[in-house]
Amino acid sequence: MTRNIQDHITEDEFIRFVTEELSKELEIELDRHMEICPNCEEEFVNYYAAEKEFPAEKWEIERAKLVADLRKRVFAPSALDRFRKFLRETFFYQLALPASAFDTKQPVDIESEGSAFGVYIEEDKDNVIIVRLDAKETELAGRKIRLYSSLGDWERVVTLERDKVDSDWVYLELKITREERERLPREATLLAEDAE
């Protein structure tokens, strides 16, 4: 791997360096960079100075915890990735109007494992579809979500907002009118995805 010697050391490279998970070649390249970059060198000096303050036995225990925590943070999927997966795997709804007034669809209420994400879809007496998506991940606030027809003939982009009642949650709510539904083919399915 050849990296530009002028580029600062990334967080991932730093973590892999201190956890001794770099190739020898990349380790040499990072050493060369630190020779010309006082900022990156200072990060490592501070890290190793803090490491020396711990007694050896205590450091081994702390180091194991630190490495596990670093690996978890670096390699665990982000809230956005988990939300995208939730939308992709669970979000679909038949957009067509019921065949008759006697056909009623049951509301859809799905939560992710751990209840971090949820989708609730229902139809009111006027055949308006009410969609609510929510997430217990406030970092998703302001994120745009595209709701669209599987046939490409309808779409709407809506922004996740902080819940005014429970500030630990973000949500979006959307209504699809009877008139909008009447213009859609019967086989159209409502889907959702991250719009950014």
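Read-outs: derived from the displayed coordinates by stated rules, not from any lab. Bear in mind the structure is a predicted one, so any value in this text is a computation, not a measurement. Cβ placement follows ideal geometry from the backbone for every residue including glycine, while neighbour counts extend to all protein chains displayed.
Just a few scattered comments:
- Bridging of LYS144 to lysines at a Cα separation below 24 Å is possible for LYS85, LYS136, LYS164, LYS175, once same-chain residues fewer than 8 apart are set aside.
- Along the chain, the longest continuous region that contains none of the trypsin sites (Lys or Arg not before Pro) in a DSSP loop with at most 16 other C-beta atoms within 10 Å is 4-104.
- Translational diffusion of segment 79-194, µm² s⁻¹ [Kirkwood Rh, Cα pairs; Stokes-Einstein; 25 °C; 0.890 mPa s]: 168 µm²/s
- Zone residues, segment 1-31, relative to ARG63, backbone N less than 11 Å from point 7 Å out along Cα-to-Cβ: 18-20
- Fraction of the pair-distance distribution of the chain above 27 Å, Cα-Cα pairs, percent: 53 percent
- ALA50-ASP168 FRET efficiency (beta carbon distance; Förster radius 30 Å; 0.05 resolution): 0.35
- Residues TRP169, TRP154, arranged from fewest to most other Cβ atoms within 10 angstrom of their Cβ, appear as TRP154, TRP169.
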